[in-house]
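The values are calculated or read from the model by the stated rules, or taken from the named source; none is laboratory data. The structure displayed is predicted, hence computed values, not measured ones. As a convention, Cβ positions derive from the backbone with ideal geometry for all residues, glycine included, and neighbour counts pool all protein chains shown.
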């Protein structure tokens, strides 16, 4: 038995030329609202996607698995998406919310001190956690210089785990093409200020539309 036991596959099983892996954040699971919104929008655009639960969530634990387990589970999930969609790894977009997106970026980075990278068409990082809460000095961008594929950052302008100026500066380390999609007044959980006049559902629709448009524009 593998590390991952919970899967949610959406979209055509064959015929697409790209597919998207969606990994959840630390305090969520594969049914997180942002992942579901993105998966539904991708399915409407006839792009397959696969959501999965990390082992700790399947086991009913709240604390995330250790980094080696998270990375191994992400590699396993990418292989499962390739199998289900019939696509080679280089036709897969890896990404997800917060921690999940970060782990995807780690396994896709050609780090000299790590296992061979997972080849990917692109990375979709939804609310990238640039540093832990209250610890801005602990930057999580050292591996960005090893990312050579297109990268989408979709973050709120009030995200206290990735202030706009800091994330934009860190993103310049990425070797591949970078797209920044900012959600006005949204925090790390994609919650907007009431004064914005937007609901959380509207913000998730915005994020989902941005991901679909970016994925569709990747090289064919």
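Remarks
- Selection from segment 207-220 of residues that are in a helix (DSSP H, G or I), out of contact with any helix residue (DSSP H, G or I) (no Cβ under 8 Å at 6 or more places or on another chain) and either at pLDDT below 95 or surrounded by 18 or more Cβ atoms within 10 Å (Cβ to Cβ) (or both): 210, 214
- Residue 90 being surrounded by fewer than 23 Cβ atoms within 10 Å (Cβ to Cβ) and more than 19 Å from residue 18 (Cα to Cα): no
- Checklist (1) under 21 Å from residue 123 (Cβ atoms); (2) surrounded by fewer than 19 Cβ atoms within 10 Å (Cβ to Cβ) applied to residue 63, failing item: (1)
- Residue 142 vs. criteria under 23 Å from residue 112 (Cβ atoms) and over 17 Å from the mean Cα position of the chain (by Cα): yes
- Filtering segment 30-48 to residues that are surrounded by fewer than 19 Cβ atoms within 10 Å (Cβ to Cβ) and in contact with a strand residue (DSSP E or B) (Cβ under 9 Å, 6 or more places away or on another chain) leaves 31, 36, 40, 43.
- Residue within segment 1-13 that is in contact with a strand residue (DSSP E or B) (Cβ under 8 Å, 6 or more places away or on another chain), under 16 Å from residue 124 (Cβ atoms) and surrounded by fewer than 23 Cβ atoms within 10 Å (Cβ to Cβ) present: yes
- All of 123, 152, 204 fail the test of being outside any loop (DSSP other than H, G, I, E, B), without any contact (Cβ under 8 Å) to a residue 40 or more places away in the chain and within 18 Å of residue 23 (Cα to Cα), apart from 123.
- The condition (being closer than 19 Å to residue 173 by Cβ, surrounded by 20 or more Cβ atoms within 10 Å (Cβ to Cβ), in contact with a strand residue (DSSP E or B) (Cβ under 8 Å, 6 or more places away or on another chain) and at pLDDT 95 or above) is satisfied by just one residue among 130, 123: 123.
- Enumeration of residues in segment 192-209 that are more than 11 Å from residue 37 (Cβ to Cβ) and in contact with a strand residue (DSSP E or B) (Cβ under 8 Å, 6 or more places away or on another chain): 192
- Just one of the listed residues (111, 97, 75) is within 22 Å of residue 188 (Cα to Cα) and in contact with a helix residue (DSSP H, G or I) (Cβ under 7 Å, 6 or more places away or on another chain), namely 97.
- Residues within segment 160-185 that are in a loop (DSSP other than H, G, I, E, B) and closer than 14 Å to residue 129 by Cα, tallied: 4
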